[in-house]
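No value in this document is a laboratory result; all are computed from the given coordinates. Because the structure is predicted, anything quoted here is derived from the model rather than measured. For neighbour counting, all protein chains shown are included, and Cβ atoms are generated from backbone atoms with ideal geometry for every residue, glycine included.
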Amino acid sequence: MDALATPLFEMDGISKRYGGVHALRDAALSVEGGRIHAILGENGAGKSTLIKIIAGVVAADSGRMMLEGREVTFASPSQASRAGIACVFQELSLVPDLTVADNIFISDPPRRYGLIDRAAQRRMAEAALARAGASDIHPMAQIRDLPLSRRQMVEIAKALARNPRILILDEATSALTQSDVTKVFDVLKRLRQEGLALLYISHRMQEIAKLADICTVFRNGRNVATYEAGTKSDNEVVELMIGREYRHVFPPKPRPVPANQNPVLEIANLSWSDRLRNVSLSVQAGEVVGLGGLDGQGQRELLLALFGVLRGVTGGLRIDGKAVTIAGPRSAKAPRVGMALIPEDRKTEGLMLPMSVRDNLSFAALARVSKAGVIDFGAERRLIAEMMSLLAIRASSIDAPVGSLSGGNQQKVVIAKWLMVTPRIILLNDPTRGIDVGTKQELYKLLRRLAESGVAIIFYSTDYDELINCCNRVLVLYDGSVISELEGEGITDRALVASALSIGADKGSQAPAVAR
Amino acid sequence: METNEAQPAARPLIFLARWFDPSVAIAFGCIIVLLFLGSLYSPSFLSPEYLLQQLKVASFLGVIATGMMLVILLGQIDLSVPWVVALGGMMSSAIVGWGPVGHALAIPFGISCGIAIGLLNGIGVAYLRIPSMIITLAMNAVVQGLMVVHTGGFSPQDSASAAMRFLATGFIVPNLPNAVLVWALIGALTIFALNRTTFGRAIYAIGNSERAAYLSGAPTQRVVMATFAISGGLSAFAGVLLAGYASKAAQAMGDPYLLPAIAAVVLGGTSILGGRGTYLGTVAGVILITLLQSILSVMQIAEAGRQIIYGVVIIAMMLLYGRERLRR
Amino acid sequence: MKDWRYIIREQRGTLIAMALFVAMFAIYVTNHPAGFTLNVVTTASNKGVLLAFIAMAQTLVVVTAGIDLSLGMIFVLTNCLASWLVTGSPLETAFGVAAVLAAGLACGMLNGLIVIFGRLQPIVTTIATGAIFFGMALLLRPVPGGEVNQDLADALTGKLADKVPASLVVLIAVVLVVWMPFRRSLTGRAAYATGSSEAAAYMSGVAIRKARFVAYSLAGLLAGIGGLFLTFFTYSGEASAANGNTYTLYSIAAVVLGGVSLFGGIGSAIGAIFGAFAFRTIGDLLFVFDLEPLWQPLFQGVVLLLAVCLGAFRLLQIRNRLDYFG
């Protein structure tokens, strides 16, 4: 690339404040065509805000943007779109009750006599889907009926349909299956060759290593470093991101738990709809059991089934050896069972965002701080203070709305909320998705401490490193059943991938393969 | 760097911020403005007798608005108010005709009828997941049908009991109408329930995110059902009071109360989407609406003019402080 | 072949409403002493058409995840206005009709302006504007009265070419001229997108405000057409609050029966029309089965309640309780 050429897009001195929080301070960025530019940084570092400003979703307080040397401002997403900027967001921008084709061309459909030309729209949608590597998606399907991974592919197709010059992906692969991710990477590389500028935000270091040409690190709202990909080690990068020394990402690997104790949780032949088939597992006190496998193989459904959220679940459940039926979260929470679930989406399932930190924290454990339905404010305050210091939750005050906290702190509130009911079994549904490195480390340490104090943990994660380093055992699921079980040293990257993809000659058999 | 807890000096300010809802302040401000305007028209407007009379009239609306507020806090709405009010008035008067037992049971019976309808509403919303707007609407039609059959289409002839009349028009405390005391008592219980009980917390939580409340193990279905039952009971109780006030029930006696109840709750700062609002605001909203209606009738403005002014004033006040935040 | 499955999936609410109405009407007609004659159909059509217009109007607003509780009052206001203006020579009558329709449109635009630019919640806004519209109706007609061009009225409430009810023809014409173009236009789709997910619509650059404004405005226009037709039926104007409230509430019932989701984004005015006709047929069914008039309001209420609870059967299919929460 010609180093003297004007960058395709430049930002200079951009600042943005939300109330008292500085999301961006004097941020700068320079983007060139034909290169994949990765943006890294902790949550709260300003990446998402930066992207939203480029995409016209929010307005900067100060600073300027230049497109091909000319200054531009975007008062709305459609203006940015017309300028050739397309964005695939972390929160999907798809309308659930419209079809795939309607969504792809939602803002600028082909028209005839002033009305939308459905036939032409459908043809163009099929072309866009093909360009995104997602031809298996029917253009007339309703978004509501598609699983999350398909929806994200539609998002990408939608961005490509506008023939952008700059394509921005903000955590766009977080819900994709491995094969989808590979397809998307191929598409991105092809686009790079066509001369597009690509901005890629992700927390996944492996992806960035495979994809990026240039990397920029953001910290506390500023651009702290820009370098060619591969010229810095992972350690150095993470240090840039969190700005402090650290040695290990993970606490020491767990010691194996003796298998002769009575299991705290035991399920036999659990089935549900066509998503879970004859799943059996047992968890001891102090054991961390991971759920692995490709995305969407029933891991989330298993956790929901255990928690009593699914209807029509068949199969036996035993807590401490006694047969139990869990009718819903309320009975799962009860001391008899003592189960907690850290849900998939903290914003809609884990927290009441407009309510205060205090109200959110104490909500699951209100029975502990009240008598006959009347809340004891003093006891509540004490318990909350305890939890906030235990988990080092950073908030301006306990009366601040929990929606104003950063993603990592929000997740800590969710976990603290559940720790208040002193659970014996904790289910975690991909708890570190979209969380910054610093908070992740704290969570790993916390899980270790909880396991050591005797809590049984079932941990679903899409991150292989987490499964390898945090779990005693990992059950790999495929199509709703357990196809293999890995233990201790046998939990490796290779073993996880191999099991996850293992369809082979044993597809018919139900016997799990155990690797040690 | 952010701190874990607010600095000691900032705590009282934050405490105030929790209680100081700007919309409540504006509502009370508007009340003062209305009182001032009224006093310009006629000096007796500010006399204690007149103001107490206004409070008494406001009490009936206040009781209904209390139930409505609880339901709106959940993010739902109760459109069965008109005929549940009538149900309460008519049923309590009807049972008075059953002798001394009837006299004693009149008030509880009237309220129980309302609670029963409220329970049905609650079951529909909480367990059958029917949108509250439509099920309470259907319930309203059913209760209307029942009352038409009960009265044979004519005006009800039963009289209210002495107890009902005493509650509505008597004076336990000299010069302070009983109806106001009743409203105050209900209000105190409501404030306590909303702020200090697990039930109240659950209502706010469900209004903010029923999904998150459910996943946190809250008994969401029971709370919703109970809230609708309370709303039904309060509406019926208001009907009992109204029947006591007029010494008998009347056809469609609840119709004039639905829209003012909703308006009062919303003008008091409670969000129609649920999860946000204080009872103090509802009190302000009720007084505001009552004063507005009084002033308009005192000025002898024809019904047409009153309706127009009523609508314009509500919109004006909402434009002042009921607006949603700008997205960007 | 696969395409048909997707089409049915998209239109399922409307199809169910249509089936419901056809079934009810069939029962009515087979039990009616006169049977399936043009007169019977015309009477049924005339009674249902008024609610059908208001239901269409309500659909437009509900689809954007809003609600318009002033539609009944726009209906009443335009009725009173028509009883003044739609008389005299053909030219005067035509002018009167145009003025009445413009008034309906203006009422809708007022609702739209306040909700969108005032950023006020639709429920309370339309309650307030409903009061304003009613007040204006009272000013026009303190007591019932007035007149209307009888030739026009009779033509539009009678039979066209002795074959079909004229009111039905007008309804279909309005659907073709107002609803279909709206549905297929960018603004119409924007309305659906807004109701389905305003956040996603905003991020996608959808013209949300314009869609809402057009929805409320057209709703006012359709309610105005309803009011005009009421004048043709009654030959007079009456400022009846009870009537206005009834039509508003019944329009919500019709909309729900018609498969339109109160949460927005789903449904069609055609379904709402079937819902309106089905709802009206309830009363007719009671008449045909010789039930005492005193019991009719109760039966209408119970049937409404049952119909509304039928939707709960969908619940039995839900396997994941998280799907309960919208």
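Quick look at the numbers
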{"read-out": "Cβ charges +1 (Lys, Arg) and -1 (Asp, Glu), total dipole of the protein assembly as shown, debye", "value": "1000"}
{"read-out": "At most 11 other Cβ within 10 Å, DSSP loop - chymotrypsin sites (Phe, Trp or Tyr not before Pro), region C:229-312", "value": "C:PHE289"}
{"read-out": "Square roots of 5 times each gyration tensor eigenvalue, C-alpha, the protein assembly as shown, largest first, Å", "value": "53, 37, 31"}
{"read-out": "Relative packing of A:451-461, A:49-59, which averages over residues the other C-beta atoms within 10 Å, highest first", "value": "A:49-59, A:451-461"}
{"read-out": "Shielding by partners, peptide C:203-211 (average Cβ within 10 angstrom, other chains)", "value": "5"}
{"read-out": "Sparsely packed GluC sites (Glu not before Pro) within region C:145-244, loop by DSSP, other Cβ within 10 Å at most 16", "value": "C:GLU147"}
{"read-out": "Sequence-separation-based contact order of region C:48-269, relative, with Cα cut under 8 Å and 6+ spacing, percent", "value": "45"}
{"read-out": "Residues B:GLN300 and C:THR234, FRET efficiency given R0 of 41 Å [Cβ-Cβ distance, rounded to 0.05]", "value": "0.85"}
{"read-out": "Two-decimal Rg to Rh for chain C - Kirkwood Rh, Cα set", "value": "0.97"}
{"read-out": "Test item: Cα-centred dipole of chain A, Lys/Arg +1 and Asp/Glu -1 on Cβ, debye", "value": "960"}
{"read-out": "All aspartates and glutamates inside 17 Å of C:LYS47 as judged from Cα atoms, apart from same-chain residues fewer than 8 positions distant", "value": "C:ASP154, C:ASP284"}
{"read-out": "Per residue convex hull volume, Cα atoms of region A:335-380, in Å³", "value": "89"}
{"read-out": "Inter-chain shielding of C:290-299 (mean C-beta neighbours from other protein chains, 10 Å cut-off)", "value": "4"}
{"read-out": "Within 10 Å of each Cβ in C:176-189, the average number of Cβ atoms from other chains", "value": "3"}
{"read-out": "Size of region C:22-173 as Cα extents on the principal axes (Å, biggest first)", "value": "53, 41, 28"}
{"read-out": "Cα pair distances exceeding 37 angstrom across chain B, given as percent", "value": "18"}
{"read-out": "Principal axis dimensions, largest first and in whole angstrom, of region C:1-105 by Cα", "value": "53, 43, 26"}
{"read-out": "Chain B, relative contact order in percent, only Cα pairs under 8 angstrom and at least six apart counted", "value": "32"}
{"read-out": "Cβ crowding within 10 Å averaged over residues, with C:40-46, C:318-324, B:107-113 ranked highest first", "value": "B:107-113, C:40-46, C:318-324"}
{"read-out": "Rounded FRET efficiency, nearest 0.05, which uses the C-beta distance separating A:ALA268 from C:ASP151 and R0 of 51 Å", "value": "0.05"}
{"read-out": "Distance (nanometres) between label positions extended 7 Å along Cα→Cβ at A:ASP463 and A:ASP117", "value": "4.8"}
{"read-out": "Region C:119-218: C-alpha pair distances exceeding 25 Å, %", "value": "51"}
{"read-out": "Farthest toward positive dipole pole in the protein assembly as shown [+1 Lys/Arg, -1 Asp/Glu at C-beta], among A:LEU304, B:VAL125, A:LEU496", "value": "A:LEU496"}
{"read-out": "Of every Cα-Cα pair in region C:190-326, the percent that sits beyond 21 Å", "value": "58"}
{"read-out": "Surface/4 estimate of mean projected area, convex hull on alpha-carbon atoms of region A:9-242, nm²", "value": "13.0"}
{"read-out": "Of A:LYS322/A:LYS417; A:LYS210/A:LYS445; A:LYS183/A:LYS347; A:LYS47/A:LYS412; A:LYS210/A:LYS333, pairs whose Cα-Cα distance is over 32 Å", "value": "A:LYS210/A:LYS333"}
{"read-out": "Kirkwood hydrodynamic radius (C-alpha pairs) into Stokes-Einstein, region A:353-418, 25 °C and 0.890 mPa s, D in µm²/s", "value": "209"}
{"read-out": "Compactness of region C:228-273 - radius of gyration and Dmax, Cα, Å", "value": "13.5, 38"}
{"read-out": "Ranked C:LYS2, A:LYS210, criterion: other C-beta atoms within 10 Å, fewest first", "value": "C:LYS2, A:LYS210"}
{"read-out": "Percent antiparallel among DSSP beta bridges (both partners in the protein assembly as shown, rounded to 5)", "value": "60"}
{"read-out": "Order of B:PHE154, A:PHE185 - criterion: other Cβ atoms within 10 Å of each residue's Cβ, fewest first", "value": "B:PHE154, A:PHE185"}
{"read-out": "Inter-part distance where region A:278-336 and region C:2-21 are each reduced to a Cα centre, Å", "value": "38"}
{"read-out": "Whole-number percent relative contact order across region B:181-249, with pairs defined as alpha carbons under 8 Å at least 6 apart", "value": "16"}
{"read-out": "Calculated FRET efficiency for the pair C:LYS210/B:HIS150, C-beta based, R₀ 56 Å, to 0.05", "value": "0.65"}
{"read-out": "Compactness relative to 2.2 N^0.38 Å, alpha carbon Rg of chain A", "value": "1.02"}
